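A.B. asks: Would you mind keeping the following structure in view while I ask a few things?
No lab work stands behind these numbers, since they all come straight from the coordinates. Since we're looking at a predicted model, the values are computed, not measured. Here Cβ is always computed from backbone atoms with ideal geometry, including for glycine, and neighbour counts include all displayed protein chains.
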Amino acid sequence: MVNEEAISELVKLARYRLQHSLGQNVRDLRAEKDRIERLYPELREKRGVFVTLTKQGELRGCIGYPYPIMPLSDALVKAAESAAFSDPRFEKITMEELNDIKIEVSVLTLPIEIPSGESSVKQIKIGKDGLIIEMSGYSGLLLPQVATDYHFDALDFLQETCVKAGLPRTAWMNKNCKIYKFQAEIFKEISKGKVIRK
């Protein structure tokens with residue numbers, strides 16, 4: 001379990017980083033990161049994380065790291081910056097809209113492979129599991145909350161993850177298709193830099 005206060009501190013740091021990237025003079029980001037890691041040493045652990053940005057309830061960017069390749073403190077801030085400025089589906093966010101942006105954080109467990117084919121449907125728990133599908137050099141990921149937000153059942157969720165990967169909807173049936181599931185602790189920003197567990 002990740003501490004809510006720790007994630008709140010990282011979300012504040014991510015906001016400072018976005019302001020800095022948009023040309024605002026903000027506090028010393030390195031010193032702030034060091035302070036947060038002293039308070040919450042668990043943030044130095046490598047974790048997968050996704051950051052979702054919304055504006056007035058609409059998606060404005062979502063990028064992350066499915067695998068634990070860097071400390072959570074680094075991964076969250078970098079994912080927030082990438083979601084703000086590098087999500088190819090959206091224009092870069094501007095300073096004018098930053099106040100209207102809400103940050104949602106999903107801290108991921110390590111993905112585990114499940115069999116492709118019909119048996120995979122039974123192994124997916126909607127509302128708990130997220131999915132990654134990989135085949136022929138393509139990959140797609142959907143967070144656990146996507147299935148509940150869109151009222152998917154397990155079959156829909158598999159098909160939509162295939163679509164996200166740029167694959168046919170039935171690719172999950174292919175024996176060469178790799179399917180992974182993971183869980184996430186989800187934190188929703190309720191005011192600037194203050195999150196609650198979703």
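A.B. asks: Quick check of the Kirkwood formula: for the stretch 4-108, what is the inverse mean of 1/r over all pairs of different Cα atoms, in Å?
C.D. replies: 13.7
A.B. asks: Quick one: putting +1 on the C-beta of Lys and Arg, -1 on the C-beta of Asp and Glu, what dipole do you get for the chain around its Cα centre, in Debye to the nearest 20?
C.D. replies: Charge dipole of the chain: 220 debye, to the nearest 20.
A.B. asks: Please work out the FRET efficiency for the pair residue 170 and residue 39, using the Cβ-Cβ distance as r and a Förster radius of 45 Å; give the result to the nearest 0.05.
C.D. replies: Computed FRET efficiency for residue 170 and residue 39 comes out at 0.40.
A.B. asks: Cα-based Rg of the chain per 2.2 N^0.38 Å, rounded to two decimals?
C.D. replies: 1.05
A.B. asks: Remind me, relative contact order of the stretch 1-112 in percent, using alpha carbon pairs under 8 angstrom and six or more residues apart?
C.D. replies: Across the stretch 1-112, relative contact order equals 29 percent.
A.B. asks: Taking only C-alpha pairs under 8 Å that are 6+ residues apart, what is the relative contact order of the chain in percent?
C.D. replies: Contact order relative to length: 22 percent.
A.B. asks: Beyond a 31 Å Cα-Cα separation, which of these cross-linked pairs lie in this structure: 102/128; 175/198; 55/122; 46/188; 33/55; 78/181?
C.D. replies: 175/198; 55/122
A.B. asks: Further question on the same structure: Quick one: dipole size for the stretch 15-64, taken about the Cα centre, charges +1 on Lys/Arg Cβ and -1 on Asp/Glu Cβ, in debye to the nearest 20.
C.D. replies: 60
A.B. asks: Work out the charge dipole of the stretch 65-196 with +1 on the Cβ of Lys and Arg and -1 on the Cβ of Asp and Glu about the Cα centre, then indicate which of 98, 131, 187 is farthest towards its positive end.
C.D. replies: Farthest towards the positive end: 131.
A.B. asks: Could you pull out the longest piece of the chain with no exposed loop chymotrypsin sites (Phe, Trp or Tyr not before Pro) in it, calling a site exposed if DSSP puts it outside H, G, I, E, B and it has at most 16 other Cβ atoms within 10 Å?
C.D. replies: No qualifying site falls inside 1-89, the longest such stretch.
A.B. asks: Continuing with the same structure: What aspartates and glutamates does residue 178 reach when the alpha-carbon gap must be under 19 Å and sequence neighbours fewer than 8 apart in one chain are set aside?
C.D. replies: Within reach: 113, 118, 129, 134, 156, 160.
A.B. asks: When the chain is fully extended, how far beyond the present Cα-Cα distance does residue 155 get from residue 112, taking 0.36 nm per residue of separation?
C.D. replies: Once the chain is fully extended between residue 155 and residue 112, it gains 13.6 nm.
A.B. asks: How far apart, in nm, are two points set 7 Å out from the Cα along the Cα-to-Cβ line at residue 22 and at residue 178?
C.D. replies: 3.8
A.B. asks: Same structure, new question: Treat each spin label as a single point 7 Å out from the Cα along the C-beta direction, and report the residue 192 to residue 91 distance in nm.
C.D. replies: 2.2
A.B. asks: Quick one: dipole size for the stretch 112-183, taken about the Cα centre, charges +1 on Lys/Arg Cβ and -1 on Asp/Glu Cβ, in debye to the nearest 20.
C.D. replies: Roughly 140 debye, rounded to the nearest 20.
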